[in-house]
1. List every residue pair whose Cβ atoms lie under 9 Å apart, where the two residues are 6 or more positions apart in sequence or sit on different chains, the first residue falls within region 40-55 and is part of a helix (DSSP H, G or I), and the second residue, located anywhere, is open to solvent by less than 30 Å² (accessible area, probe 1.4 Å) and polar (S, T, N, Q).
2. Name the single residue, out of those in region 67-93 being of a type in the set (Lys, Arg) and assigned to a loop (DSSP other than H, G, I, E, B), that is modelled with the highest pLDDT.
3. Give the residues of region 22-38 that are open to solvent by 50 Å² or more (accessible area, probe 1.4 Å) and under 14 Å from Glu88 (Cβ atoms), sorted by residue number.
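The values are calculated or read from the model by the stated rules, or taken from the named source; none is laboratory data. Computed from a predicted model, the values in this text were never measured in an experiment. Note: ideal-geometry Cβ built from the backbone for every residue, glycine included; neighbour counts use all protein chains shown. Accessible surface areas use protein heavy atoms only, side chains included; no ligands, DNA or RNA. Shrake-Rupley method; radii C 1.70, N 1.55, O 1.52, S 1.80 Å.
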Amino acid sequence: GTAGQDRFHTVTSTYYNKAQGIILIYDSTDKNTYNNISNWIDQITNNTNPDDIVIILVCNKIDLTDEREVTEEMGLSLAEDHELKYFEASAKTGLNVE
């Protein structure tokens, strides 16, 4: 993933062409990745017609409960604000990963 790094913003605009779905993933143990989701949503909005794309918000690393910086409520609120589908997952344990 690009983790929202500025150096990827110019490259990613080419990926929006004809995209049908976008998955935005943030790390539950790193609030900076959560905070950057709004920037990615802006990028998507500026480069596409968001009504034509399914956007899914995924909170990863939920197995690390002691290190969690972003609550489920925060994720749900962000998803609701932007009308996104929301899932919590753990790539490590396989929870909600298919």
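1. That search, which allows pairs on different chains as well, returns Trp40/Thr12; Gln43/Thr12; Asn47/Thr12.
2. That would be Arg68.
3. Within region 22-38, Ile23, Ile25 qualify.
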